[in-house]
Structures are given as C-alpha cells and as structure tokens.
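The values are calculated or read from the model by the stated rules, or taken from the named source; none is laboratory data. All of these numbers come straight from a predicted model, not from anything done at the bench. As a convention, Cβ positions derive from the backbone with ideal geometry for all residues, glycine included, and neighbour counts pool all protein chains shown. To get the accessible areas, we keep the full protein, side chains included, count just its heavy atoms, and leave off ligands, DNA and RNA. Shrake-Rupley method; radii C 1.70, N 1.55, O 1.52, S 1.80 Å.
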Amino acid sequence: IREIVGVAERYGKIVKVIPHTAYLTPEEVELFTEIAIDAGAHFIKTNSEFELKTQPEHVTIIKKRYGDRIRVVAAGGIHSSEIAIAMLKAGADRIATTTPEDILNTIEGVWEALPDGEKRVLYDRVIQLIKTNPRGKTRGG
C-alpha cells in the first residue's frame with residue numbers, strides 16, 4: 001500500500017483502501033485501519049458495495065479510535081436516508097451509494113424527525129464536506 005500511496009501522491013491522487021468490513025471482526029477492522037494509516041492511505045472505503053452491508057458500528061470503530069488520522073467512505077447497503085444519516089452520525093466523511101435519488105427523496109422527513117442538536121451537528125458536517133470537496137462524486141465515493 002505504501003508504494004501505491006507514493007506513486008499516487010506524485011500525481012496528486014488519493015488512495016482508498018477497501019477492507020470489506022462486513023466480513024471483519026471489530027479487532028480486524030482496527031488492525032486493517034492501523035495498517036492503512038501506517039502505509040499512508042487517505043481513505044478507508046468500508047465495502048465495495050457489491051451486496052456487502054456496512055453497519056454504523058464499522059464506521060464508529062474506525063473514527064472512535066483513529067479520528068481524523070484517516071477519512072472514511074461508508075459504502076455498501078446505503079440505500080435510504082435513515083442509513084445515510086446513521087453513517088454520518090457514526091463519523092463517515094463520505095457516503096457512497098448507487099441510489100442517491102432514494103436518499104435525497106426521503107431525507108426531508110427523516111431530517112425533520114431529528115432533535116435540533118443532531119440537525120446542527122449533521123448540518124455542520126455536511127457543509128464541511130461540501131467545502132472540502134465541492135466537486136465530490138455523489139456516486140462511488
């Protein structure tokens with residue numbers, strides 16, 4: 001991974017590694033994250049989206065222990081606004097989905113049901129994501 005990161009950085013590119021957290025124990029997620037950080041990877045993308053379901057706990061494990069040392073793209077099974085919001089609450093830096101329309105079409109009702117404090121935190125988080133990556137892809141993370 002370290003060699004790939006070196007080449008990517010020479011060309012101004014980022015490196016995402018995909019551990020397929022749906023198959024891993026919490027301990028294995030932590031070990032993979034440590035290896036990815038040590039190698040210089042920029043992002044962990046939780047799954048490749050091929051029928052693997054990311055759980056908010058997968059994101060929480062990474063962000064709780066490693067914080068901003070690595071960014072997290074939550075991917076795999078994120079097909080509703082409820083799940084997308086749960087991933088953001090868990091600390092995901094990005095959401096990768098093949099169904100952005102489904103999320104956007106239902107977000108208003110889910111948003112309105114959130115307590116005001118959670119709305120503010122999520123709003124600030126989304127605004128920060130837009131500011132740091134204004135041309136970020138909606139699909140594919």
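If you line up the long axis of helix 116-132 against the longest principal axis of the chain, both from Cα atoms, how many degrees apart are they, to the nearest 10?
50 degrees
Would you tell me the accessible area of T98, worked out with a 1.4 angstrom probe on the heavy atoms of the protein chains, in Å² to the nearest 10?
Number for this one is 70 Å².
To the nearest 10 degrees, how steeply does helix 56-66 sit against the main Cα axis of the chain, on a 0 to 90 scale?
The angle comes out at about 50 degrees.
With a 1.4 Å probe and all protein chains left in place, how much of the accessible area of the stretch 1-103 comes from carbon and sulfur atoms, in whole percent?
Details: 2970 of 5380 Å².
Here it works out to 55 percent.
Karplus couplings for the stretch 73-86 from phi (6.51 cos²θ - 1.76 cosθ + 1.60, θ = phi - 60°), rounded to Hz, Gly and Pro as x?
With coefficients 6.51, -1.76 and 1.60, one gets 9, 7, 9, x, x, 9, 10, 9, 5, 4, 5, 4, 5, 4 Hz.
From the phi of every residue in the stretch 100-108, what ³J(HN,Hα) in whole Hz does the Karplus formula 6.51 cos²θ - 1.76 cosθ + 1.60 yield, where θ is phi - 60° and glycine or proline is x?
My calculation for the stretch 100-108 gives x, 5, 4, 5, 5, 6, 10, 5, 4 Hz in order.
Which angle from 0 to 90°, rounded to the nearest 10, does the C-alpha axis of helix 26-39 make with the longest principal axis of the chain?
60 degrees
Count charges around E34 for me, please; just the other residues with Cβ under 13 Å from its Cβ, Lys/Arg as +1, Asp/Glu as -1. Please list the in-between numbers first.
Values: positive: R65, R69; negative: E27, E28, E30, D38.
For residues surrounding E34, the net value is -2.
Got the relative contact order for the chain handy, in percent, Cα pairs under 8 Å and 6 or more residues apart? It would help to have the intermediate numbers written out before the result.
Details: 210 pairs, mean separation 26.6, N = 141.
Over the chain, the number comes to 19 percent.
Between R65 and A39, what is the spin-label point distance in nm, taking each point 7 Å from the Cα along the Cα→C-beta axis?
Going from the R65 label point to the A39 one covers 1.6 nm.
Expressed in nm to one decimal, what extension gain is obtained for the pair I107 and L24 from 0.36 nm per residue of sequence separation less their Cα-Cα distance?
On the way: separation 83, 0.36 × 83 = 29.88 nm, distance 2.99 nm.
In short, 26.9 nm is gained.
Efficiency by 1/(1 + (r/R0)^6): what FRET value for K13 and T99, r their Cβ-Cβ distance, R0 = 22 Å, to the nearest 0.05?
On the way: r = 27 Å, r/R0 = 1.22.
For R0 = 22 Å, the calculated efficiency reads 0.25.
Which one is right for this structure if Rg and Dmax of the Cα atoms in Å is calculated from it: (i) 15.0, 46; (ii) 36.0, 125; (iii) 13.9, 41?
Checked against the structure: label (i).
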